[in-house]
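Structure, as structure tokens:
The values are calculated or read from the model by the stated rules, or taken from the named source; none is laboratory data. This structure is a prediction, so every number in the text was calculated from the model and none was measured. Neighbour counts are summed over all protein chains in view; Cβ atoms, including those assigned to glycine, are modelled from backbone coordinates with ideal geometry. In case anyone asks, the SASA skips ligands and DNA or RNA and just uses the protein heavy atoms, side chains included. Shrake-Rupley method; radii C 1.70, N 1.55, O 1.52, S 1.80 Å.
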Amino acid sequence: MKDIGKAGNRRRETGERRRKNEGRRREKTQSLRETEICCTDGEICCQDQACLVSTARRRIPDTMHIFKIIISGFMLTMTCLLVGAGIGNAQNRTTPYTATLEGAPDEAKEAIRMAADTFARKDSPPRTAALLRRRVAADIPAIRSVLQALGYFKTRISSTIDTQTSPAKVTIHIVPGPVFRMGNVTLTGQPSEVLPTPKAIHLTSGMPATAASIRAGEKSMLSRLGSQGYPFARITSRDVVADHARGKVDISWDIDPGPLCVFGATAITGLENVESGFVQRTISWKEGKTFNATAENTTSTALLHSGLFGMVRVEHASAPDVDGVLPMSIEVRERVPRTVKAGLEYATDTGPGASFSWENRNALHQGELLRTQAQINAMLQQANVRLTFPAFFGPWQLSTEGSIAQEDTDAYTSRSITSGALFERNMTPWLRTGGGVRYRLNRVEGSDEDEETYGLLSFPVFAGIIKAAPLLDFDSGWTLKGEVAPYQDTLGQNITFVKSRIQGSTYLPLVSSKKLVLALRGVFGTIGGTGLQDIPADERFYAGGGGSVRGYAYQNAGELDDDDTPIGGLSAIECSAELRSKLTQSLGAVLFIDGGRAFEDTIPQSMTDLFWGAGVGLRYFTPIGPLRLDVAFPLEQREDVDSAFQIYISIGQAF
């Protein structure tokens with residue numbers, strides 16, 4: 001028991017020593033932890049050597065870590081810069097090339113260059129030769145489509161690409177083959193009797209089978225059906241087959257004409273000051289009559305040309321009723337009915353001048369046009385008034401007019417009063433005809449200083465065609481106007497004669513943009529029935545001046561008397577050619593040559609004695625027409641008669 005007790009005491013002592021040692025180790029560990037915490041900022045805050053050693057050991061790994069981060073960042077930055085520079089250089093590298101088109105028909109060249117990226121995007125070359133080959137290959141179908149649209153269905157297309165040269169050379173070779181011709185043209189549908197024939201839609205066997213002619217045929221087909229009472233006609237199927245063995249294209253259409261329609265009642269909306277009776281009289285159709293699509297266009301054009309409306313919309317209903325009656329509607333928006341215009345001009349021969357006009361397009365609320373005009377310069381002072389009654393007798397309009405004028409030219413001095421009445425109508429949108437009666441009372445003093453008084457009764461008849469556009473500055477199309485009038489004096493002179501004049505002009509765009517236009521003009525006038533001396537001096541023909549033969553003074557391009565006074569003639573010829581170039585959106589230039597002469601005979605005996613003038617001009621384009629400045633030079637200057645040059649300033653082209 002005793003030994004056991006001693007052993008127990010020894011064990012208790014040993015346990016106490018162990019607990020004391022663990023306590024000291026825990027205190028030391030806690031002290032070290034406190035030292036680490038207080039030394040984390042790298043400063044020595046105690047005198048314990050262990051703390052200093054511990055701090056030094058921790059500083060070395062932290063400094064090396066920061067150094068590694070800096071080096072890694074530097075290497076990463078340099079790598080990114082080098083890689084970015086490589087990518088940039090790769091992107092900047094391109095494969096420039098030249099492109100040549102060989103063998104293409106002339107009529108296809110421009111369309112091919114627009115449709116094929118090889119030509120259209122030549123200024124944006126691809127980056128690699130492989131991409132260049134891909135671009136050329138992708139263009140082959142587009143080129144083939146262009147050629148097929150022009151009737152070339154047996155085309156062979158190949159390309160060569162030489163990338164060994166700089167720039168690379170691309171050549172597209174075309175063997176177009178023959179133009180396919182129109183073969184069988186078939187139109188089917190019910191009722192078949194209303195379908196047009198291929199000839200009626202301008203598709204005949206043997207003509208070139210172009211896409212444009214086929215589209216035009218379809219448009220003509222639907223238009224003809226619309227004008228025959230079928231406004232809802234449609235093409236249900238189309239089959240176009242190119243037969244390579246025959247070299248022809250066969251076309252078949254299946255057409256659904258739709259229901260036969262008649263015009264129904266017309267609803268008119270948008271009127272404010274214009275009375276509905278004016279619109280009703282202008283309508284080209286009659287209720288209950290077979291529908292005609294042309295009447296819609298004719299009515300719309302007539303209402304717009306009246307000048308009363310800024311917008312006109314003529315429409316039919318989307319479907320007829322069960323009896324085929326198709327309601328109509330006309331929507332209009334009125335314009336301000338009054339317009340004031342003024343202009344200035346200058347010419348070396350006539351001096352400065354001015355013009356003024358005022359018009360009311362709804363004077364009596366039925367679309368009546370009242371227009372007054374005045375013009376004044378050193379040689380002419382004139383004022384006139386004209387009142388036009390639209391749809392006075394069906395499609396005919398009645399115009400009454402009166403004017404007073406005084407002219408003082410080198411050839412004569414004249415004072416006159418004129419009145420008249422004319423019936424006019426538009427036969428088509430581009431053809432206008434008319435005729436009437438006019439009386440002119442005038443007192444004339446000619447070059448012989450004898451003063452005569454005339455009372456001339458005339459019956460003018462005229463026709464005019466305008467198939468040129470745009471209205472204020474023609475750049476394409478043509479015009480033609482002719483007038484003939486028999487004259488009879490009523491004041492004892494017993495003079496009877498017939499005066500005729502015809503004038504035509506054409507405008508030929510030389511480039512597709514119409515920025516270069518060749519304008520041509522020709523005029524011929526003649527008087528028959530009596531001699532030159534019996535014709536009042538102010539009714540004779542003269543040539544020369546800004547609207548005639550530029551470069552020669554007004555009325556001076558003809559025979560002169562001993563005092564260098566123009567005599568005038570029984571006939572006159574004028575011709576002009578202008579090359580008009582549009583340099584910018586607002587500025588243009590002109591080169592021109594004019595020729596002409598007044599002849600003493602009714603029919604000129606010689607065409608070699610014309611007076612010729614040439615010159616240059618500038619045009620400033622405005623919303624109301626071009627401002628014109630021309631400088632002209634006589635090519636055969638007569639001593640003491642013709643000036644070295646003439647200057648003309650006005651609004652509007654010379655013709």
Considering only protein heavy atoms, what per residue accessible area in square angstrom results for the chain with a 1.4 angstrom probe?
56
Could you give each residue of region 277-292 its phi-based ³J(HN,Hα) in whole Hz, using Karplus coefficients 6.51, -1.76, 1.60 with θ = phi - 60°, and x for Gly or Pro?
x, 5, 5, 4, 6, 7, 4, 8, 10, 10, 4, x, 7, 4, 4, 9
Distance between region 590-655 and region 498-531 - C-alpha centres, whole angstrom
14
So for each of 582-588, 645-651 I average, over its residues, the number of other beta carbons within 10 Å; can you give me the resulting order with the highest mean first?
645-651, 582-588
Test of understanding: extend the Cα→C-beta vector of residue 601 to 7 Å, then name every residue of region 554-594 with backbone N under 20 Å from that spot.
557-561, 567-575
Modelled label reach - residue 406, point 7 Å along Cα→Cβ, region 324-355 residues with backbone N closer than 19 Å
350-355
For residue 171 and residue 69 in the same chain, what is the full-extension length gain: residue separation times 0.36 nm, less their Cα-Cα distance, in nm?
31.0 nm
Dipole of the chain (Lys/Arg Cβ +1, Asp/Glu Cβ -1, origin at the Cα centre): which of 382, 543, 69 lies farthest to the positive side?
69
Give me the extension gain from residue 579 to residue 433: residue separation times 0.36 nm, minus the current Cα-Cα distance, reported in nm with one decimal.
49.5 nm
Correct option for P(r) over Cα pairs in 20 Å bins from 0, in percent [calculated from the coordinates] among (1) 16, 38, 35, 10, 0; (2) 17, 55, 27, 1; (3) 12, 28, 26, 14, 6, 7, 5, 2, 1, 0
(3)
With contacts defined as alpha carbon pairs under 8 Å and 6 or more residues apart, what's the relative contact order of region 445-569 in percent?
17
Length gained, residue 106-residue 344, 0.36 nm per residue minus C-alpha separation, equals 80.9 nm
So, R0 is 41 Å and r is the distance between the beta-carbons of residue 268 and residue 239; what FRET efficiency does that work out to, to 0.05?
0.40
How many angstrom separate the Cα center of region 361-440 from the Cα center of region 161-182?
63
Cα centroid separation - region 205-237 against region 469-489, whole Å
34
With unit charges on the beta carbons (Lys and Arg positive, Asp and Glu negative) and the dipole taken about the Cα centre of the chain, which residue among 474, 610, 94 sits farthest to the positive side?
94
Separation between the residue 502 and residue 318 pseudo-spin-labels, each 7 Å from Cα along Cα→Cβ, expressed in nm?
5.3
What ranking, highest mean first, results for peptides 237-246, 607-616 when packing means the other Cβ atoms within 10 Å averaged over each residue?
607-616, 237-246
Net charge near residue 269, counting Lys/Arg +1 and Asp/Glu -1 over other residues with Cβ under 13 Å of its Cβ?
-2
Can you tell me the dipole magnitude for region 117-209 around its Cα centre, using point charges on the Cβ only (Lys, Arg +1; Asp, Glu -1), in Debye to the nearest 20?
340
I'd like the carbon and sulfur percentage of the solvent accessible area for the chain, probe radius 1.4 Å, heavy atoms only, ligands and nucleic acids excluded.
56
Sort 218-225, 350-357 by the packing proxy (mean of other Cβ within 10 Å over each peptide's residues), most packed first.
218-225, 350-357
Note down the nm distance, to one decimal, between modelled labels 7 Å out along Cα→Cβ at residue 336 and at residue 360.
1.6
Per-residue ellipticity at 222 nm attributable to helices in the chain (runs of n ≥ 4 DSSP H, -39500 (n - 2.57) apiece, nearest 500 deg cm²/dmol) works out to -8000 deg cm²/dmol
Answer with one residue from 252, 421, 274: the one whose Cα lies farthest towards the positive end of the charge dipole of the chain, charges on Cβ with Lys, Arg +1 and Asp, Glu -1.
252
